[in-house]
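Asks: To start, I am sharing the structure in question, which I have written as structure tokens.
The values are calculated or read from the model by the stated rules, or taken from the named source; none is laboratory data. None of these values were measured; they are calculated from a predicted model. Cβ coordinates were reconstructed from backbone atoms using ideal geometry, including for glycine residues, and neighbour counts include every protein chain displayed. For accessibility, only protein heavy atoms count, side chains too; no ligands or nucleic acids. Shrake-Rupley method; radii C 1.70, N 1.55, O 1.52, S 1.80 Å.
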Amino acid sequence: QVQLVESGGGLVQGGGSLRLSCAASGSIFSINTMGWFRQAPGKQRELVAFINTGGTTNYADSVKGRFHISRDNAKNTVDLQMNSLKPEDTAVYYCNAFLKTTSGRSYSDYWGKGTLVTVSS
């Protein structure tokens with residue numbers, strides 16, 4: 001069993017900051033990439049940012065320069081620092097990990113339950 005648990009969501013005014021955290025736990029053998037996706041009401045889930053084991057990052061164009069993703073490989077955690085937040089950043093944010101379990105044969109995607117971020121104008 002693998003669990004991804006997010007924390008740090010909430011309500012913030014436009015221009016403000018929030019930090020999301022995600023911890024992966026359970027029967028984990030190895031984690032490849034970790035990242036964050038988001039889904040706004042009435043829209044499809046979209047990639048926000050991801051980071052691989054070596055620290056290489058990738059950001060959606062809409063958040064470049066405002067969001068920063070970081071990871072602690074030893075603790076199996078990934079954080080998302082969100083600055084200069086805009087109302088259009090309002091969404092449920094989901095943590096993702098592409099990992100292999102101790103009993104698995106290959107890597108698979110695992111998801112957290114999501115945390116709501118609401119940015120007021």
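Asks: Take residue 55 and tell me if it is over 16 Å from residue 115 (Cα atoms), open to solvent by 60 Å² or more (accessible area, probe 1.4 Å) and over 11 Å from the mean Cα position of the chain (by Cα).
Replies: Against the criterion (over 16 Å from residue 115 (Cα atoms), open to solvent by 60 Å² or more (accessible area, probe 1.4 Å) and over 11 Å from the mean Cα position of the chain (by Cα)), residue 55 does not qualify.
Asks: Okay, moving on. Look through region 1-17, keep the residues that are touching a Gly at 6+ places or on another chain (Cβ under 6 Å) and open to solvent by less than 40 Å² (accessible area, probe 1.4 Å), and return whichever of them is farthest from residue 80 (Cα to Cα).
Replies: 2
Asks: Among the residues of region 58-81, count how many are of a type outside the set (S, T, N, Q) and exposed (fewer than 15 other Cβ atoms within 10 Å of the Cβ).
Replies: Number of matching residues: 6.
Asks: Just to be sure before I move on: is residue 100 among the basic types (Lys, Arg), surrounded by 12 or more Cβ atoms within 10 Å (Cβ to Cβ) and within 21 Å of residue 1 (Cα to Cα) in the structure I sent?
Replies: When the stated conditions are applied, residue 100 passes them.
Asks: Farther than 14 Å from residue 111 by Cα, modelled with pLDDT under 95 and assigned to a loop (DSSP other than H, G, I, E, B) - does that describe any residue in region 19-30?
Replies: no
Asks: Which pairs do you get when a residue that is in a helix (DSSP H, G or I), found in region 70-92, comes within reach of a residue that is β-branched (Val, Ile, Thr), reach meaning Cβ atoms under 8 angstrom, with the pair 6+ apart or on two chains?
Replies: Going by the 8 Å Cβ cut-off, the qualifying pairs are 87/119; 88/119; 89/63; 89/117; 89/119.
Asks: Still on this structure, please answer the following. Go through (1) open to solvent by 60 Å² or more (accessible area, probe 1.4 Å); (2) of a type outside the set (A, V, I, L, M, F, W, C); (3) under 14 Å from residue 114 (Cα atoms); (4) part of a strand (DSSP E or B) one by one and return the number of the condition residue 35 breaks.
Replies: (1)
Asks: When region 42-67 is examined, which residues are found to be more than 17 Å from residue 98 (Cβ to Cβ) and assigned to a loop (DSSP other than H, G, I, E, B)?
Replies: 42, 43, 44, 60, 64, 65, 66
Asks: Can you find, within region 82-97, the residue that is farthest from residue 66 (Cα to Cα) among those that are open to solvent by less than 60 Å² (accessible area, probe 1.4 Å) and in contact with a helix residue (DSSP H, G or I) (Cβ under 9 Å, 6 or more places away or on another chain)?
Replies: Looking at the filtered set, the residue picked out is 89.
Asks: If we keep just the residues of region 103-121 that are open to solvent by less than 60 Å² (accessible area, probe 1.4 Å) and not in a strand (DSSP E or B), which is nearest to residue 82 (Cα to Cα)?
Replies: For region 103-121, the residue satisfying everything is 114.
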